Amino acid sequence: MLELKGVTGGYGSIPVVKNINFQMNAGEILGIIGPNGSGKSTLLKFIYGSLHPEKGQIVIDNQPLDRYSQKNLAKKIAVLPQQTDSAFSYTVRQVVELGRYPHQTGWFSSNSDKDEKVVNKAMTETGVFSFADQPIDSLSGGEKQRVLLARALAQEPDILLLDEPTNHLDISYQLSLLDTLKEWTDSKQLTVIAVLHDLNMAAMYSHRILLMDQGEQRALDKPSYVLEKTVLEEVYDAHLQRKEHPSVPSPLITLEPSKRSFDERFDLLDTLTFDETEERVCISSQFYWKTLSSAVIGAGFGWHRFFVNRHVEKDYHCDNPQEEYGAYLQNISLDTADTAGMMTAALLKDGSFIRLKDSEGDILVYATAGTSNAVDVSKAYENTDLSFAIGTINIWIFIDGKLNEAAYAQVMMTATEAKSKALLDHKIIDNHSRTLATGTSTDSMLVAAVHRGKEFMYGGTASTLGKKVGKAVYDAVTETLEKYNQRKNENEKWE
Amino acid sequence: MNSQNSNAITCYLIGAVFLCVCITIGISAGSLSIPFLTSAEVLWRSIWNLDMPAEINETHAAIIWNIRLPRVLLAALVGSSLALAGAAFQGLLKNPLADPYTLGVSSGAALGAVFVLFLGLSLPLLGSFTLPVVSILTGFLTLFFLLGFVRFIEKSLTTETIILAGIIVSSFLGSMISFIIALTEDELRQIVSWLMGSVAMKGWDYIWLNVPFFVLGAGLLFANRKELNALVFGEETAKTLGVDTDKRRMTILAGASLLTGAAVSVSGTIGFVGLVVPHLVRLIFGPDHNLLLPMSIFAGGGFLVLTDLAARTIIAPTELPIGVITAIIGAPIFGILLFQERCKRMK
């Protein structure tokens, strides 16, 4: 329905927009992104006929754009401007009625019943009907924007163009505006072309994205293809990261501040400080570590600089451990947001630190173990006892380097295997099934990387990092198990 | 829809009645005071070409028909023209402080008139009409020069450039007028009083001269009243709403300049009407040009008739220049309006 063929042009002799080609179908949303001055707004001006391209052609419904009169074009295409201020205070209804202009003919035409109906409907759909008779300058920015949207809707267009429509709006208005548009593309087969500043908004709402760079069409495809880290970094000349959106299938672009050079004189693991008491072990750092963990506090991916392993009594029970733990951290003046916190009933003095360092890497593993609650994972389904007992193996792995998400997952796997192997080698028995245990029912693990320096792509047992992790975890768990067993035996002797 | 229409009709009726009452008052008052109802009846009967009843004094009827009515009608026509042109200029230039003289068309018309007075020109065939005809012509020359100048500066006629060029042109023409005045000796009083504006002693001919321009100019503006509403939101927006902005803007400029030039050529430069009246009307009836344009005609006409009445009666038999009175009355009204608006906004 809309097609651009080699559109080139600008304001003067130097073209601002160069050779843009695309085709759109009814009901599609096209997001246009690109840095300032990349020709996004100019391209829109070509499409709504405010500028004429020097070369190339724009075709709407099989007819070239320059054969449309301004009025007929306005029946096809409506524009939602960023914000218009008028010197005079028109009422909301008067503003929306202007949208009927292209449908009115004759010198002395006035509003017909149909116009009235369309205007009312547009105001209802945008939620501005209730202030139809108020002057538009008495409204808030978001409300004004919706009035302008109603005006665009009153044009009954096939195509709606938006030039940075969310610029002046707060987040909830931005979302509601784009949600409305998305709904209309389904219900009215409206085609939307939107210049968007916010890459994530563009990713979430566009069917396709046009990335412009210095007037040229850099990429045009689905958001997940266009929003490539390397391309975006080059186009925007900024550091950014791409992740997947946590709840909808679309990429999420996050910015990074320009990198600071980091003092490489020290081994970063040496900068960690250890604070051990009977009640807790706390490792702290001056900077943040990117962690993936199953800890009570700070689970999942996060950035932390305090790592707490807290000793609790065997009969510890709490309905909301997060909250209780948070209060505990507050008590010892640690910021919950900065902390990854685990708990264990095992004695902390049995804990073990193993550091492996060579030219290929530097890692530190800390483990505590209590095996009274050991479980054979293959027989766990047999145990229907839901009672909760604290006997836990907690493992922390600190890595000097930078890991991608795959490496985090692989390090977790490797470490889990190493832990199980250590348990098997010590013949730890699942008390329920009387078979060899592979872990305990409440084990927890944390992988923290300093996120600087050497980059690790893999953490499996074939990789140098995985080999180191496997060895260190196995050794640490072994050591702590031995301490644990030794003390248990001593206790039994005494008894 | 219907409620909107009937609402508009009520407004038109109020406006028309206001103008008629003002005209009748204007006819009644003067050095010889004629009862209001008598003048109303004379007017009524004259319009329908009925015979005058015996109790109406024939001199009264003659005074009304030959002296007062042309004067009052000319005042109404000039007031309507200026207010209508002012409303259109304010909408087109998106600026409530624009007036019909912003673009310098009036200065052009005035320069032509002053030139005629200075040289005591009287062209063949035109005779006593030399002044208004030359004046209208120079007004139009000014408009063409202005638009050519703007187009020379940039391809697209943007509002800002039009205003700037207008200021340049009118200050240049203003200094030309001052230059001629400086050279003038005998005609000084005539020129100055023409410049201050007057509708006195012009007769029916001036009305007939003015009417075609008024009808044409008003017609052009009325045909563009919806476009004016769209243009208030800026060119770009107007375009996306389907307005052929280049064509429409030229039409509106032509219509408003016709009205202004014609008004200036028969009455001199009467200030403030074109600025204050549309402003006042907008405050009462809202900014919608569908209503604003007709109401400006009624209000502008009525306002100038009343001002003219004040000009000739305040210190009768001496007549004050009408331009002085409009400013004396207009400026305080404008001030009060601004003050009230500020108060409203503070709330």
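The values are calculated or read from the model by the stated rules, or taken from the named source; none is laboratory data. Small disclaimer: the values here were computed from a predicted structure and weren't measured. Positions of Cβ are generated from backbone atoms using ideal geometry, with glycine treated the same way; all protein chains shown enter the neighbour counts. Surface areas here come from the heavy atoms of the whole protein model, side chains and all, with no ligands, DNA or RNA. Shrake-Rupley method; radii C 1.70, N 1.55, O 1.52, S 1.80 Å.
One table, with the values for the structure above:
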read-out	value
Among B:265-278, A:152-165, the order from most to least packed when residues are scored by Cβ within 10 Å on average	B:265-278, A:152-165
FRET E, pair A:D270, A:D179, Förster distance 56 Å, beta-carbon r, rounded to 0.05	0.65
Extension gain (nm, one decimal) between B:L123 and B:V215, 0.36 nm per residue minus Cα-Cα	30.5 nm
Whole-Hz couplings from phi, Karplus 6.51/-1.76/1.60, listed for the range B:224-237; x for Gly and Pro	10, 5, 5, 5, 4, 4, 6, 5, 4, 8, x, 4, 4, 5
Spin-label model distance (nm) - B:W208 vs B:F152, 7 Å beyond Cα toward Cβ	4.0
Under-5 Å amide H pairs with A:L403, H placed in peptide plane, nonlocal only	A:H451, A:F456
Per-residue ³J(HN,Hα) for the range B:70-77, Karplus 6.51 cos²θ - 1.76 cosθ + 1.60, θ = phi - 60°, Hz, x for Gly and Pro	x, 5, 5, 5, 5, 4, 4, 5
Relative counts (whole %) of C-alpha pair distances in the protein assembly as shown, using bins that are 20 Å wide	13, 29, 23, 17, 11, 6, 1, 0
Per-pair calculated FRET efficiency, R0 = 45 Å: A:N331 and A:T464 via Cβ, rounded to 0.05	0.65
Sites A:S140 and A:A409 - FRET efficiency at Förster radius 45 Å, r taken between beta-carbons, to 0.05	0.45
Extension gain (nm, one decimal) between B:F334 and B:A16, 0.36 nm per residue minus Cα-Cα	112.1 nm
Portion, in percent, of the accessible area of the protein assembly as shown that falls on carbon or sulfur, probe 1.4 Å	58
Area buried, chain A against chain B - accessible surface, total, 1.4 angstrom probe, square angstrom	2800
The range B:2-346: C-alpha gyration tensor shape, a/c 1.5 cut-off, then a/b vs b/c	oblate
Folded to 0 to 90 degrees: helix A:464-494 orientation relative to chain A principal axis, Cα	40
Neighbour-limited loop hits for GluC sites (Glu not before Pro), the range B:158-202 (at most 13 other Cβ within 10 Å; DSSP other than H, G, I, E, B)	B:E185
Chain B - percent relative contact order, Cα under 8 Å, separation 6 or more	30
Contour minus Cα-Cα distance for A:K243 and A:K314 (0.36 nm per residue)	21.6 nm
At 0.692 mPa s and 37 °C, Stokes diffusion of the range A:268-494 via Kirkwood alpha-carbon radius, µm² per second	185
For A:R280, residues with placed amide H under 5 Å, excluding near neighbours	A:H311
Helix A:405-425 vs. chain A, principal-axis angle (Cα, 0 to 90°, nearest 10)	20
Average beta-carbon neighbours from other chains, 10 Å sphere, peptide B:242-249	4
Shielding by other protein chains, B:230-238, mean Cβ within 10 Å	5
Karplus-derived HN-Hα couplings along the range A:200-215 (A = 6.51, B = -1.76, C = 1.60, θ = phi - 60°), whole Hz, x at Gly and Pro	6, 4, 4, 5, 6, 10, 8, 6, 9, 10, 9, 9, 10, 9, 6, x
Amide H within-cut-off set for A:V79, under 5 Å, with H built and near neighbours excluded	A:L161
For B:283-295, mean number of other protein chain Cβ atoms within 10 Å	2
Length-normalised contact order for the range B:208-332 - Cα pairs under 8 Å, 6+ apart - percent	25
Cα-based shape type of the range A:180-333, given that a ≥ b ≥ c are square roots of the gyration tensor eigenvalues and the cut on a/c is 1.5	oblate
Where labels lie 7 Å past Cα in the beta-carbon direction, separation of B:C343 and A:N489 in nm	9.9
Three-way shape call for the range A:2-256 based on the alpha-carbon gyration tensor, with the a/c threshold at 1.5	oblate
